[in-house]
């Protein structure tokens with residue numbers, strides 16, 4: 001996957017997970033397009049919190065619609081039965097939402113998709129005023145190239161209303177849906193939904209480690225991180241108004257809290273460490289989650305005197321995760337131990353001194369996930385801040 005341009009990439013090893021055994025029931029159903037659309041529109045089928053945003057472009061979505069129009073099969077969709085007449089999408093969100101948007105004749109703007117996701121979660125569907133807003137959507141007219149030169153694709157530029165005789169044909173096309181129910185273990189978190197999602201998606205090239213991590217360890221703590229990720233002061237600090245489609249900004253928050261809670265236990269790889277911390281965070285109580293939210297807000301207040309380039313590296317001109325992590329832990333650690341909030345501002349001159357320290361700079365550029373460099377960055381930040 002291409003690295004987003006706003007942060008400095010850090011290479012880390014991938015790790016395997018040990019999992020429990022499950023007893024599940026999987027029932028195949030062939031639903032037609034009209035039924036699938038009604039399921040999504042009514043909220044019977046929902047996109048769970050651990051799923052990624054809608055990421056297809058209009059050309060890829062158009063190819064899916066074309067396949068349905070000409071009678072070609074598309075991959076099956078996996079749904080998880082949460083309760084009676086309530087299902088969550090495990091695999092197939094991009095296909096489902098492409099069908100849904102085509103029927104609505106509207107296609108979401110790329111920069112508005114994270115915000116749109118929040119609106120759907122809040123309302124259960126897309127409100128008419130949002131669907132009609134050109135700030136969020138453009139018209140969904142099919143973008144299809146001809147298969148041969150000097151030919152015209154008969155579906156190109158059509159929308160759902162202009163399909164003519166193909167409209168009813170499209171509505172009656174069926175898509176295989178596999179409905180999954182967890183029989184055991186009999187627990188409250190229905191953990192198989194995350195495990196199945198991970199197993200179905202881990203082979204794809206488009207998922208980041210954080211996207212897979214959220215699928216396995218979705219929790220109230222993660223919901224809190226997602227909430228923090230929407231804060232205006234945080235968006236200003238990292239330099240982008242909208243959340244990252246691949247959840248890299250959420251991973252920065254996770255990593256910062258993981259180091260605050262468990263830095264003394266850190267051992268490479270970073271991927272494994274964040275997975276272990278994510279599992280632990282599933283057990284964190286509501287009071288501690290609420291405190292962590294307030295603590296981070298107080299940290300953002302402590303950053304109020306910093307400019308938009310405070311955590312931008314001089315070498316790569318990108319957001320440096322290692323620098324932010326070290327500063328956050330150094331500034332928040334004492335308050336965290338005492339369960340208080342940060343009340344002083346970060347000294348701009350001291351931060352610049354830290355960012356210019358040769359040993360600190362080296363530890364943020366090479367072997368960033370090594371135990372020695374993680375410890376060195378924290379020690380330097382504590383010393384200078």
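Tell me which residues, restricted to segment 339-364, are out of contact with any helix residue (DSSP H, G or I) (no Cβ under 7 Å at 6 or more places or on another chain) and in a loop (DSSP other than H, G, I, E, B). Selection gives 340, 343, 347.
In the set (1) more than 27 Å from residue 53 (Cβ to Cβ); (2) part of a helix (DSSP H, G or I), the condition left unmet by residue 251 is number (1).
Kindly check whether there is at least one residue in segment 86-95 that is closer than 20 Å to residue 156 by Cα, in a helix (DSSP H, G or I) and in contact with a helix residue (DSSP H, G or I) (Cβ under 7 Å, 6 or more places away or on another chain). Even if it seems obvious, please write down each step before you answer.
Kept after step one, since they are closer than 20 Å to residue 156 by Cα, are these residues of segment 86-95: 95.
If we keep only those that are in a helix (DSSP H, G or I) too, we end up with 95.
After this cut, where a residue has to be in contact with a helix residue (DSSP H, G or I) (Cβ under 7 Å, 6 or more places away or on another chain) as well, the list is 95.
For segment 86-95, residues closer than 20 Å to residue 156 by Cα, in a helix (DSSP H, G or I) and in contact with a helix residue (DSSP H, G or I) (Cβ under 7 Å, 6 or more places away or on another chain): present.
Scanning segment 226-249 for any residue that is closer than 22 Å to residue 374 by Cβ, surrounded by fewer than 17 Cβ atoms within 10 Å (Cβ to Cβ) and in contact (Cβ under 8 Å) with a residue 60 or more places away in the chain turns up nothing. Being at pLDDT below 85 and crowded, with 19+ Cβ neighbours inside 10 Å holds for only one residue in 191, 215, and it is 215. Scanning segment 135-149 for residues that are exposed (fewer than 11 other Cβ atoms within 10 Å of the Cβ) and modelled with pLDDT of 90 or more, we see that the one that is nearest to residue 119 (Cα to Cα) is 135.
Please verify whether segment 194-207 includes one or more residues that are in contact with a helix residue (DSSP H, G or I) (Cβ under 6 Å, 6 or more places away or on another chain) and modelled with pLDDT of 75 or more. Among the residues of segment 194-207, not one is in contact with a helix residue (DSSP H, G or I) (Cβ under 6 Å, 6 or more places away or on another chain) and modelled with pLDDT of 75 or more, which makes the answer no. In this structure, does residue 76 turn out to be surrounded by 14 or more Cβ atoms within 10 Å (Cβ to Cβ), at pLDDT below 90 and either within 29 Å of residue 250 (Cα to Cα) or not assigned by TED's automatic domain parsing to the domain that holds residue 250 (or both)? For residue 76, the condition - surrounded by 14 or more Cβ atoms within 10 Å (Cβ to Cβ), at pLDDT below 90 and either within 29 Å of residue 250 (Cα to Cα) or not assigned by TED's automatic domain parsing to the domain that holds residue 250 (or both) - is not met. For residue 336, the test of being in a helix (DSSP H, G or I), within 23 Å of residue 221 (Cβ to Cβ) and within 24 Å of the chain's Cα centre (by Cα) is failed. Flag: residue 113 does not match the condition of being within 19 Å of residue 159 (Cα to Cα) and either not in a helix (DSSP H, G or I) or not assigned by TED's automatic domain parsing to the domain that holds residue 241 (or both). Yes or no: residue 381 over 25 Å from the mean Cα position of the chain (by Cα), part of a helix (DSSP H, G or I) and surrounded by 13 or more Cβ atoms within 10 Å (Cβ to Cβ)? Judged against the criteria, residue 381 is a match.
This table checks each residue for (1) more than 23 Å from residue 174 (Cα to Cα); (2) buried (at least 16 other Cβ atoms within 10 Å of the Cβ); (3) under 23 Å from the mean Cα position of the chain (by Cα); (4) modelled with pLDDT under 90.
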| site | (1), (2), (3), (4) |
| --- | --- |
| 62 | no, yes, no, no |
| 84 | no, no, no, yes |
| 88 | no, yes, yes, yes |
| 93 | no, yes, yes, yes |
| 97 | no, yes, yes, no |
| 114 | yes, yes, yes, yes |
| 122 | yes, no, yes, yes |
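Residue 152 meets the conditions (1) at pLDDT below 95; (2) touching a helix residue (DSSP H, G or I) at 6+ places or on another chain (Cβ under 6 Å) in every case but one. The failed one is (2).
The values are calculated or read from the model by the stated rules, or taken from the named source; none is laboratory data. Predicted, not measured: the structure shown is a model, and the values here were computed from it. For neighbour counting, all protein chains shown are included, and Cβ atoms are generated from backbone atoms with ideal geometry for every residue, glycine included.
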